[in-house]
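The values are calculated or read from the model by the stated rules, or taken from the named source; none is laboratory data. From a predicted model like this one, the values you see are computed outputs, not experimental measurements. Don't worry about glycine lacking a Cβ; one is built from the backbone with ideal geometry, like all the others, and counts go over all protein chains shown. For accessibility, only protein heavy atoms count, side chains too; no ligands or nucleic acids. Shrake-Rupley method; radii C 1.70, N 1.55, O 1.52, S 1.80 Å.
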Amino acid sequence: MLPSFLDRLDLQAFTDAAREVPYQQLSNALFPGLDVWVRRDDLVDPLISGNKAYKLIFNLIKARDQGVRTIITCGGAWSNHVHAVAAAGARFGFQTVGIIRGERSRRLSATLRDAERFGMKLEFVSRSQYRQRGACGFLFDLGLEREGGYFVPEGGANLAGVKGVQLLGRVIEETSPVAFDQVWVACGTGATFAGLFSSIQSMSVVGVEVLKAGDSILSNASYWIKRLACDSASGQADVQRLSEKSLGGCSQSLLSSFHCGGYGKFSPPLRKFKRAFEAQERVPLEPVYTCKLFNALHRRACEARRDEVERVLLLHSGGLQGLRGYE
Ligand SMILES: *Cc1c(COP(=O)(O)O)cnc(C)c1O
């Protein structure tokens, strides 16, 4: 399994790379009664990794087609998204600007050191300024309007981003080595969940929330599912039907009790699971997303009793660069 490089900004080349992503079957030592596989999207590219690659593809193509030279985005000091944007900018010839939450610390995070090395210009803003990131005057207030850049919101969560995830959903349907009952994915904003939920028909999509989010992931995901339905619908009735189907199904499919203490928290039981898993399998996990996802399925498998073997696909959504924050 050699990681490939996304060497061109081209939809066909990207789709081909996505089709090459390996599926790996796990032993059932930690998942009793289940046949579990992992789709290794951490390997889609060594730097533009995981679900962030999918959320970026249509944004990058759009920026290029509009003749834009600079991509502007925002995130925290360990953001997988900021890292991916900086790498994509270096690879495909965009300037990049990262608006980073909080003050510049004397010793930058490994993520931000990489980002600067890739050529990204970092603009540190206070937490209260950062809270305005959704407001329309945000770039103007920071003096970044004159860059004339293409703005990608935090986490790549915009319509082009969720459409990129739909592409992933279609590739999963095409390339699954066995017929899965379910595909499981970690949820931060819920955008990846929404893209998969609205593009995968042959199996159900289960989202594991990695933070204490109240209803916000559900409402975010519902918003994107409706937007996608409107975008692809041929008429009003279609929109109605698609969004009803989705809203009913989607609240059942989000699991909110596996956040292990909150965003970025690496609790002792989670550490224990990670050690046990990595002793068993050759799949690297990071604490923020993938470890919580895999742990959730482990706990489900241990508590449920079934007579029928269920086949579950875990989506490895990348994020391994963030492991350096836990060293
Ligand atoms: C960003 C991220 C997610 C969460 O994606 P959302 O679309 O925000 O729900 C999951 N896994 C990894 C590794 C990520 O970097």
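A few notes on this one:
- Among the residues examined, Ala186 does not qualify as among the aliphatic types (A, V, I, L, M) and modelled with pLDDT under 95.
- Test: residue in the range 10-20 that is in contact with a strand residue (DSSP E or B) (Cβ under 8 Å, 6 or more places away or on another chain), more than 20 Å from Leu196 (Cβ to Cβ) and either of a type in the set (A, V, I, L, M) or at pLDDT below 95 (or both): no
- Residues in the range 250-307 that are touching a helix residue (DSSP H, G or I) at 6+ places or on another chain (Cβ under 9 Å) and of a type in the set (S, T, N, Q): Ser251, Ser253, Ser256, Ser257, Thr290, Asn295.
- Leu112 vs. criteria assigned by TED's automatic domain parsing to the domain that holds Ala88 and surrounded by 22 or more Cβ atoms within 10 Å (Cβ to Cβ): yes
- Extreme residue, surrounded by the fewest Cβ atoms within 10 Å (Cβ to Cβ), among residues of the range 145-167 that are among the charged types (D, E, K, R) and more than 10 Å from the ligand (Cβ to nearest atom): Arg146
- Annotation: of all residues in the range 192-240 being of a type in the set (Asp, Glu) and part of a helix (DSSP H, G or I), the one that is most open to solvent (accessible area, probe 1.4 Å) is Asp231.
- Taken over the range 54-77, the criterion of being within 10 Å of the ligand (Cβ to nearest atom) and out of contact with any His (no Cβ under 9 Å at 6 or more places or on another chain) is satisfied by Tyr54 alone.
- Filtered residue count, the range 270-326, keeping only those that are outside any helix (DSSP H, G or I) and either within 20 Å of Asn51 (Cβ to Cβ) or within 14 Å of the ligand (Cβ to nearest atom) (or both): 15
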